[in-house]
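Asks: To start, I am sharing the structure in question, which I have written as structure tokens.
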Amino acid sequence: MGKSPLRAPGVLIAVAIGLGMPVSGMARSTPAPPSGNAPSALADGQLDLQLVTTGLASPVGVTNAGDGSGRLFVVERAGRVRVVLNGTLQGESFLDVADRVLSGGERGLLGLAFHPDFEANRFVYVFYTRQTDGDLVISRFTADVGLASASGSTEQILLRIEHSSQANHNGGQLAFGPDGYLYIGTGDGGGGGDPDGNGQSTTSLLGKVLRIDVDGTGDGPFGAYAIPADNPFAGGPEAEEIWAYGLRNPWRFSFDRQTGALWIGDVGQNDWEEIDREPAADPGGRNYGWNVMEGLHCYNATTCDQAGLTLPIAEYSHDFGCSVTGGFVYRGTTQPDLVGQYVFADFCAGRIWTIPADGMTASLRLQASVNLSSFGESEGGELYATHLGGALYRVVAPPFGDVTGSPFLDDINWLFYAGITTGCGGGNYCPADPVSREQMAAFLVRALDLPPSATDFFTDDEGSIHEPDINALAAAGITTGCGGGNYCPADSVSREQMASFLVRALDLPPSAADFFADAEGSIHEPDINALAAAGITTGCGSGNYCPADPVSREQMAAFLHRALG
């Protein structure tokens, strides 16, 4: 019997086959930072997982509401939808339907999608297995007027599909396509080899991608949706909801938010896992081959009739894992080297691969010690992944090897791609190291694109590799040194000194507001307040600024990104 994305993994043997590895200063306007490090091809070992939060119970999905709230919604298999905001798991559930969900193994609350007009109509859609018999249910719920939560009492069932005889191969994906229609992924009904022939049947709703118009009515068993007129089997004797067929257990599909292409991860039987890709504006009706084919291979036969079948663009054998978790094409902004790569994984083995959005070669990128049950996007296109063991991760591809755990990862990335830093050497950034005054000069000169100066301002910077930057900073009126004709290049920069550097560099106006309790008595207090008024700092917590604390390289990245990004 085929493996499940929700099944505990067994022992695996990794065999590398099948996939390619292939002072008062002069007035100045805020400058645009220089562009010095263009995005490059994703390097071996660059892709990584950044932990966002733990404390989740068997999460199997993550998505966003598209409502500008910045929330991530995590689907827990038992029947709850949890909210993660700014990296923090919220205490209250957005939706709790555990009272009607049959959960365990491949069953449970499996899918979640927000209506494209959620802010106005407050509609949210879920896919679950019914507690009484395991049948597949697709329902709509309505959130409260503040969009904070949805009550289980608002349920409107759209579709129920009989699935009581087997517990596996339920599918579970919901997603709105670029056309505004709701797409639904169903498994073939379970049992080894599709004993009921559902995958190839065009009268069964199992083993399919379905497509319905949730803004219409009159069709379906409850008259709660409409059949799009251009569905491939609309108006015929076949099941009119069908968009594509010949699937075994499509465990996560997605639409490329830039091209509109549909990507499907279809779980294999005993030998092969596959990735299917359907071009944008396709008329539908494709047959992806199951159970004639498993991946690119005839299933249980030496030969088979492949006429009319759409074969996968990539596959991998069970030497690499046992259950594919389909992903997304990354279209976010914070990981430039990852843009245009389709990211997917194997649930059992923890391996993550990428395929170029316009290519067909898969490259192994990461061996992780997690069971990745799903991928999802934030509103801005950042990529996240759920670990069935209870965690949410972000998929990242930083240019440095030591920054994945930094809370300032995005700021460090910005600093690199803006050409302001190349790190501390050896492919690292040294995020926790304190910033010296000479390093500060170099950061600011690159960030502000300051011209060089022929004047030698200070006596103690001879021999420093940053002396030209120090002189350029002084010529621009951003520093007068540390006193006595010196600059003190090796001294660490404190947070209060950082404020003064930036206020002078950006020519920020003073502020009458007093933002922090612990800045009283600091000669830099006016600069600290000006920095806060400009939105560049919110302090170090609890109403304080921690003015005497040294600035780390990761904090420096955040200061500069907020100031200039």
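Asks: Out of all the residues in the stretch 527-548, is one or more touching a strand residue (DSSP E or B) at 6+ places or on another chain (Cβ under 7 Å), hydrophobic (A, V, I, L, M, F, W, C) and closer than 26 Å to A432 by Cβ?
Replies: There is at least one residue in the stretch 527-548 that is touching a strand residue (DSSP E or B) at 6+ places or on another chain (Cβ under 7 Å), hydrophobic (A, V, I, L, M, F, W, C) and closer than 26 Å to A432 by Cβ.
Asks: Okay, next question. Answer yes or no as to whether G423 is in contact with a helix residue (DSSP H, G or I) (Cβ under 9 Å, 6 or more places away or on another chain), over 17 Å from R495 (Cβ atoms) and at pLDDT 95 or above.
Replies: Yes.
Asks: Which condition number does L415 fail, the rest of (1) touching a Ser or Thr at 6+ places or on another chain (Cβ under 7 Å); (2) under 18 Å from S40 (Cβ atoms); (3) outside the structural domain of A548 (by TED's automatic domain parsing) being met?
Replies: (3)
Asks: Consider T354 carefully, then state whether it is closer than 24 Å to A113 by Cβ and within 17 Å of the chain's Cα centre (by Cα).
Replies: No, not satisfied.
Asks: Give just the number: which of (1) part of a loop (DSSP other than H, G, I, E, B); (2) under 24 Å from F176 (Cβ atoms) does W243 not satisfy?
Replies: (1)
Asks: Separate question: When you go through G146, G134, G68 one by one, which is the residue that is of a type outside the set (S, T, Y) and buried (at least 16 other Cβ atoms within 10 Å of the Cβ)?
Replies: Exactly one residue qualifies, and that residue is G134.
Asks: Of the residues that make up the stretch 314-326, is at least one modelled with pLDDT of 95 or more and under 30 Å from F408 (Cα atoms)?
Replies: Among the residues of the stretch 314-326, at least one is modelled with pLDDT of 95 or more and under 30 Å from F408 (Cα atoms), which makes the answer yes.
Asks: Within the stretch 521-541, can one find any residue that is outside any helix (DSSP H, G or I), among the acidic types (D, E) and out of contact with any Ser or Thr (no Cβ under 6 Å at 6 or more places or on another chain)?
Replies: Checking the stretch 521-541: not a single residue is outside any helix (DSSP H, G or I), among the acidic types (D, E) and out of contact with any Ser or Thr (no Cβ under 6 Å at 6 or more places or on another chain).
Asks: Something else now. Quick check on I242: is it at pLDDT 95 or above and closer than 13 Å to G285 by Cβ?
Replies: Yes.
Asks: To continue, here is another question. Answer yes if at least one residue in the stretch 275-284 is modelled with pLDDT under 95, assigned by TED's automatic domain parsing to the domain that holds Y393 and either farther than 29 Å from A418 by Cβ or part of a strand (DSSP E or B) (or both), and no otherwise.
Replies: Yes - at least one qualifying residue is present in the stretch 275-284.
The values are calculated or read from the model by the stated rules, or taken from the named source; none is laboratory data. Everything numeric in this text was worked out from a predicted model, so none of it was measured. All Cβ positions, even for glycine, are placed from backbone atoms using ideal geometry, and neighbour counts span all protein chains on display.
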